[in-house]
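Working notes for the structure below.
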Amino acid sequence: MGRELPNPPQSGLLNAVRFGDDTFRFIEAMQGRFEDAAAVPIPGRAPLVIVTNPELVHDALSRPAEFSRVPASGPAALIATQGLVQSEGDLWSQQRSIMGPAFMGPQVRAYANTVGRRVETLVDEWSTAIGEGDSITRNLHGEMTALTVRVASEILLGEDIGRERAEQFHSWMQVAGDEFEFSLDAVTPEWVPTRTDPEFKRAAEGILGLAEELIERRRADLAERGPDDDQPRDMLSLLIKAERDPDVEYPDNQIRDEVATFLIAGHETTALSLTYTQCLLSKHPEVRQQVREEANQVIGESTPQYDHVSDLEYTGRVFQEALRLYPAAWAVFRQASADVRLGEYRVPEGAAVIMPQWSIQRDGRYFDSPEQFDPDRWLDRSAQSVPAYFPFSSGPHACIGRQFSITGARLALATIVQSFDVDVERSALNDLRATPTLRPGGPIESTITPVE
Ligand code: HEM
């Protein structure tokens with residue numbers, strides 16, 4: 001069944017150390033050296049397979065039975081194992097079809113309008129804090145988390161959790177990020193340490209507790225409504241209503257796991273992407289100026305809303321290009337469920353398979369001057385037409401929230417840029433960490449100055 005995958009020359013142990021030590025450099029080195037994929041032998045276990053060819057990535061992602069999820073264990077198992085991000089097979093497919101309508105059509109409009117209102121409030125908060133002064137400093141990542149987690153809770157769960165809970169959520173996510181610092185452990189479950197940091201346990205309990213509280217309130221709210229009332233289409237309402245369907249079977253804690261999953265997946269990558277885009281804009285004032293001109297023209301003095309989104313075309317390209325260079329989901333992880341074929345190669349059973357957006361989206365074989373931040377590279381190319389660009393993954397497990405983030409990000413970025421220069425140190429993006437998402441090594445201190 002197919003050829004053996006090529007191996008990097010160093011010894012297995014050395015590779016394991018290099019992989020854990022500087023994941024991004026290691027993956028970039030594999031990308032530069034191997035055209036299709038490489039199998040990194042790891043002593044005592046199945047190899048680590050790094051896929052470097054985008055066509056093979058899409059092939060693997062279209063075959064979830066052969067390239068299955070990496071089972072959660074250790075700390076990861078504390079958060080929402082049955083939710084949509086970690087489930088598979090029949091449970092996943094039942095849940096994806098129940099929740100699908102919460103991410104389409106009118107819900108995209110509702111999401112964008114919620115972002116519009118929230119970001120307008122954020123602009124007011126920053127303006128009030130600046131008052132008669134020149135500027136304020138804020139942790140940009142914290143601000144973007146508070147913004148996106150409130151939008152996610154309002155639109156998916158029917159309730160805004162408020163600024164204080166959103167800030168608490170940011171600190172829980174920081175703790176979770178520390179616990180999940182990337183190494184081989186993250187993709188080879190048998191290596192996962194049994195020790196779980198008590199602080200992480202508290203953060204996980206906090207997230208699950210918040211989920212339970214939100215569910216209880218939503219249940220009460222739905223019970224109060226008469227059958228003829230306008231039925232809400234948010235995700236949590238759809239999940240609660242599906243319980244009454246005789247064809248739907250939920251394992252224990254299913255709704256809680258979905259809510260916790262969406263509280264995390266629904267905001268984290270979006271907050272990171274908004275943060276990285278603004279760091280790039282701070283480095284490229286000429287691009288920022290162009291975004292500002294577009295925002296003034298399209299949004300002007302009105303409240304940012306869905307109807308503005310399609311005209312924020314340049315801002316859309318800026319976000320698209322930022323997702324290429326700083327993909328919040330820096331790799332997709334799978335495990336070979338048997339000996340399987342990928343292209344002309346054999347991937348052995350149990351192999352951890354890494355498909356890195358980080359290095360494929362920066363490969364000169366697929367992008368001219370790949371290190372350059374150039375929104376205009378997308379002028380005559382759509383994102384869908386470039387296989388080497390897959391920030392939302394592909395195949396049946398591709399991101400369910402893609403449309404939400406694309407529309408919401410345009411409004412959030414345009415509105416912020418319209419009112420402020422958000423400036424960060426030039427080195428702000430030098431210290432990034434490979435957790436399951438691409439996270440900053442510390443707070444991203446930013447200086448926020450009103451536009452004259
Ligand atoms: C810029 C923002 C975002 C990025 C870069 C992103 C990226 C991704 C990627 C790469 C995957 C595939 C993971 C895999 O195959 O293992 C994914 C899946 C998923 N995303 Fe997103 N995402 C974003 C925003 C969102 C939002 C706003 C939501 C919810 C409102 C969301 C919910 C999910 C869920 C539930 C899945 C699992 C889908 C499934 O397996 O059926 N994401 N996302």
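The numbers here are math on the coordinates, done by the rules we state, and not lab data. Nothing here was measured: the structure is a model prediction, and the numbers come from that model. Virtual Cβ from ideal backbone geometry, glycine too; neighbours counted across all protein chains shown.
So the values come out like this:
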| read-out | value |
| --- | --- |
| Positive-end residue, the chain charge dipole about Cα centroid, Cβ charges, pick of HIS58, PRO232, VAL287 | HIS58 |
| Sorted by Cβ density within 10 Å, fewest first, the residues MET30, MET1 | MET1, MET30 |
| Shape call, the range 264-367: gyration tensor on alpha carbons, a/c limit 1.5 | prolate |
| Residues listed by number, the range 230-261, amide nitrogen under 15 Å from GLU224 label point at 7 Å toward C-beta | 230, 232 |
| Relative contact order [Cα under 8 Å, 6+ residues apart], the chain, whole percent | 27 percent |
| Sparse-neighbour loop sites [GluC sites (Glu not before Pro); the range 80-148; at most 12 other C-beta within 10 Å; DSSP] | GLU132 |
| Pairwise FRET efficiency - ARG18 versus THR128, Cβ, R0 = 56 Å, nearest 0.05 | 0.70 |
| Cα-based shape type of the range 315-403, given that a ≥ b ≥ c are square roots of the gyration tensor eigenvalues and the cut on a/c is 1.5 | prolate |
| Distance (nanometres) between label positions extended 7 Å along Cα→Cβ at ARG381 and ARG96 | 2.7 nm |
| Value in Å of the Kirkwood radius, where the chain supplies the Cα pairs that are averaged | 22.9 Å |
| Sequence-distant residues sharing a close amide H with ARG433 (under 5 Å, placed H) | ARG439, GLY441 |
| Point-to-point label distance, THR121-ARG346, nm (Cα→Cβ direction, 7 Å offset) | 5.9 nm |
| Ratio Rg/Rh, restricted to the range 89-175 and using Cα atoms, in which Rh is the Kirkwood radius | 1.09 |
| Test item: Cα-centred dipole of the chain, Lys/Arg +1 and Asp/Glu -1 on Cβ, debye | 1000 debye |
| Projected label distance in nm at ASN7 and ASP339, using a 7 Å step from Cα toward the beta-carbon | 1.7 nm |
| Cα lying deepest toward the dipole's positive end in the range 325-421, options HIS397, ILE354, GLY408, charges on Cβ | HIS397 |
| Ellipsoid semi-axes in whole angstrom, largest first, where each is sqrt(5λ) of the Cα gyration tensor of the range 305-345 | 37, 12, 11 |
| Kyte-Doolittle at least 0.5, axis length at least 24 Å by Cα - qualifying DSSP helices, the chain | 140-157, 402-419 |
| For the chain, the longest site-free run once trypsin sites (Lys or Arg not before Pro) in DSSP loop states with at most 13 other Cβ atoms within 10 Å are removed | 1-194 |
| Residue exposure sequence - ILE215, ILE360 - by fewest surrounding Cβ within 10 Å | ILE215, ILE360 |
